[in-house]
Amino acid sequence: MALTGFLVRGLHCYRKNSCLKTNSVCFLQTFSPIFQLEEYGKLLSGSDIAEKIQTSLCDQVQKFKLHHSCFTPQLAIVQVGARKDSNTYIRMKMKAAEKIGIIATHFCLPSTTNQTELLKTISHLNLNPSVHGIIVQMPLDSANMIDSTLITDSVIPNKDVDGLNTINQGKLAVGDLASGFLPCTPNGCMELIRRTGILIEGSKAVVVGRSKIVGTPTAELLKWHNATVTICHSKTKNLPEVIADADILVVGIGQPNMVKGDWIKPGAVVIDCGINSLPDTKRSTGYRLVGDVDFEKARKRASWITPVPGGVGPMTVTMLMKNTVFAALKSTLGNKV
Ligand SMILES: Nc1nc(=O)c2c([nH]1)NC[C@@H]1CN(c3ccc(C(=O)N[C@@H](CCC(=O)O)C(=O)O)cc3)C=[N+]21
């Protein structure tokens with residue numbers, strides 16, 4: 001099969017219309033043979049990386065317990081209603097917690113819960129010294145009007161392991177990445193990007209989507225890691241052209257396969273935060289998950305790309321666990337952490 005181009009791993013450089021014909025893997029003679037040529041971008045497996053980080057968190061918890069026998073990180077997960085997707089995510093979180101040695105308690109409130117009742121539940125958890133981290137699963141599935149910002153802001157900042165309250169978001173905005181909690185999905189994206197080996201400093205990063213939970217904090221993190229960041233949203237003009245300039249592309253818009261493969265800059269690192277379920281009668285579940293990026297086509301141009309499922313999702317869960325262990329360490333050791 002004739003290739004119109006190929007990727008040089010590690011250099012992130014690309015040649016158009018190369019006359020070189022290759023099998024899927026060969027070496028470029030003019031460069032050091034450590035640079036592998038492949039027709040497709042490498043899969044950036046969030047599941048594999050998440051598993052490694054979870055194992056190391058488990059070790060840390062065990063080691064710390066040797067000196068502080070009463071040390072058990074505890075996470076409270078508050079849910080209002082019973083959205084099917086939220087149930088799935090919470091199940092993932094409980095499973096990861098158990099593996100690491102974190103006690104995760106699920107507070108399942110009925111959809112009739114009102115704002116005052118929800119605030120009361122959070123207040124109890126804020127005051128409970130054995131609870132180190134609190135997460136309120138979003139979106140709230142309530143029959144009543146509940147101000148979700150008021151709810152996330154009611155979690156005390158030193159238990160806000162979701163990193164979503166205004167204090168922690170403000171810290172991130174001004175470049176204090178150390179004293180608070182980083183939000184889980186953006187922190188997971190950064191971890192994935194780091195593991196590709198791409199130089200973030202000085203790179204051109206494009207973030208598509210400006211949500212409070214994904215786009216905005218991811219752009220902040222990339223900015224403080226010295227990337228030059230462009231944030232795109234529903235009113236952005238010439239989206240394909242903006243995306244074509246990205247060395248690092250992060251997408252979180254919630255629209256299945258919206259970013260087309262041929263918009264991607266050859267050699268780019270592509271992080272897909274979308275989790276969209278599409279009807280699929282061929283599957284026993286009746287649906288399949290797809291991201292916001294047209295994976296199959298994008299894979300032919302990217303140097304690294306995350307799949308959906310198995311990409312950003314497991315990293316989000318893992319970063320929540322990391323924050324919870326950190327919160328427990330901070331509460332045990334005070335300022336010494
Ligand atoms: N306060 C709050 N914090 C969150 O962190 C939060 C939230 N609300 N609301 C919803 C989003 C979404 N989210 C995911 C968690 C796990 C997977 C995950 O593990 N996904 C699997 C597939 C899961 C499936 O089968 O559906 C995967 O991508 O491989 C995905 C998404 C956390 N979120």
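I'm checking my understanding of the structure. Among residues of region 156-180 that are more than 23 Å from residue 120 (Cβ to Cβ) and touching a Gly at 6+ places or on another chain (Cβ under 8 Å), which one is nearest to the ligand (Cβ to nearest atom)?
Applying the filter and picking the extreme gives 163.
Would you call residue 114 under 28 Å from residue 179 (Cβ atoms) and modelled with pLDDT of 95 or more?
no
Is there any pair with a first residue in region 271-297 that is over 19 Å from residue 40 (Cα atoms) and assigned by TED's automatic domain parsing to the domain that holds residue 205 and a second that is among the charged types (D, E, K, R) and surrounded by fewer than 10 Cβ atoms within 10 Å (Cβ to Cβ) whose Cβ atoms are under 9 Å apart and which are 6 or more apart or on different chains, and what are they?
Close Cβ pairs satisfying both conditions: 288/282.
List the number of the failed condition for residue 127; all other conditions in (1) among the hydrophobic types (A, V, I, L, M, F, W, C); (2) away from the ligand (no atom under 15 Å from the Cβ); (3) within 12 Å of residue 325 (Cβ to Cβ) hold.
Only one criterion in (1) among the hydrophobic types (A, V, I, L, M, F, W, C); (2) away from the ligand (no atom under 15 Å from the Cβ); (3) within 12 Å of residue 325 (Cβ to Cβ) is unmet by residue 127, namely (3).
What residue, among those in region 52-71 that are out of contact with any Asp or Glu (no Cβ under 8 Å at 6 or more places or on another chain) and surrounded by 15 or more Cβ atoms within 10 Å (Cβ to Cβ), is nearest to residue 127 (Cα to Cα)?
71
Residues that are among the aliphatic types (A, V, I, L, M) and either within 17 Å of the chain's Cα centre (by Cα) or closer than 19 Å to residue 186 by Cα (or both), at least 2 per element: which strands (runs of 3 or more DSSP E) completely within region 204-293 meet that?
204-208, 228-232, 248-251, 269-272, 287-290
The values are calculated or read from the model by the stated rules, or taken from the named source; none is laboratory data. All figures in this text were calculated on a predicted structure; none of them were measured in a lab. As a convention, Cβ positions derive from the backbone with ideal geometry for all residues, glycine included, and neighbour counts pool all protein chains shown.
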